[in-house]
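Structure first, commentary second.
The values are calculated or read from the model by the stated rules, or taken from the named source; none is laboratory data. Quick caveat: nothing in here was measured; it's all calculated off a predicted structure. We place every Cβ from the backbone using ideal geometry, glycine too, and count neighbours over all the protein chains shown.
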Amino acid sequence: MKNLFDQETKTEVIKRIDQLKPNSKADWGKMNVNQGLRHMSMAFDIATGEINPTPAKPVGMPKWLLRYFLLNVKPPKEGAETFIEMNTVANNVNPLDFETERLNLKNKIDKFVNGAKLIPENKLVGKFSKEDWGKLNYNHTDHHLRQFGV
């Protein structure tokens, strides 16, 4: 799995974010592009402890197995659960300014890779290293960029 702490990977992700358009449509799911950008940004707030996430439902697998999937497997296109706080559709979070949301996501990524203090534990799977956060946040961001066709 790629890692956002790798400069080449970070550059690739930023270029893909720059390919999004205000009228980009999702290939699956219910989010519009502005909600998707906000949702992706919020994931970085989990890694820094700014959001303490609440699972939407209990995870039906052992922590070690969930950890493996989070860090090594691309998530399914549809049906993946998100944390309650990050569900922009259910929470009726509807950002109006595409450029503000896109810039915010790019700034969150820059802050993340340039020394943000990361929490030492993932709420779902336990102890989490900097490298683990880099892989997870790449995997999550990649998933939603693919959702919007970039």
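Observations, loosely collected:
- Condition check for residue 5: aromatic (Phe, Trp, Tyr) and touching a Gly at 6+ places or on another chain (Cβ under 9 Å): yes
- Given (1) within 15 Å of the chain's Cα centre (by Cα); (2) on the phi > 0 side of the Ramachandran plot, number of the condition residue 115 does not satisfy: (1)
- Hey, residue 123 modelled with pLDDT of 95 or more and surrounded by fewer than 17 Cβ atoms within 10 Å (Cβ to Cβ) or not: no
- On inspection, residue 30 qualifies as over 15 Å from the mean Cα position of the chain (by Cα), basic (Lys, Arg) and either assigned to a loop (DSSP other than H, G, I, E, B) or at pLDDT 90 or above (or both).
- Test result for residue 58, at pLDDT below 90, assigned to a loop (DSSP other than H, G, I, E, B), within 18 Å of residue 143 (Cα to Cα) and not hydrophobic (A, V, I, L, M, F, W, C): no
- Condition check for residue 48: of a type in the set (Ser, Thr, Tyr), under 16 Å from residue 109 (Cβ atoms) and surrounded by 16 or more Cβ atoms within 10 Å (Cβ to Cβ): no
- Restricting the stretch 86-120 to residues that are over 20 Å from residue 24 (Cβ atoms) and in contact with a Leu (Cβ under 8 Å, 6 or more places away or on another chain), the residue that is surrounded by the most Cβ atoms within 10 Å (Cβ to Cβ): 112
- From the options 88, 9, residue that is touching a residue at least 40 places away in the same chain (Cβ under 8 Å), in contact with a Phe, Trp or Tyr (Cβ under 7 Å, 6 or more places away or on another chain) and among the hydroxyl-bearing types (Ser, Thr, Tyr): 9
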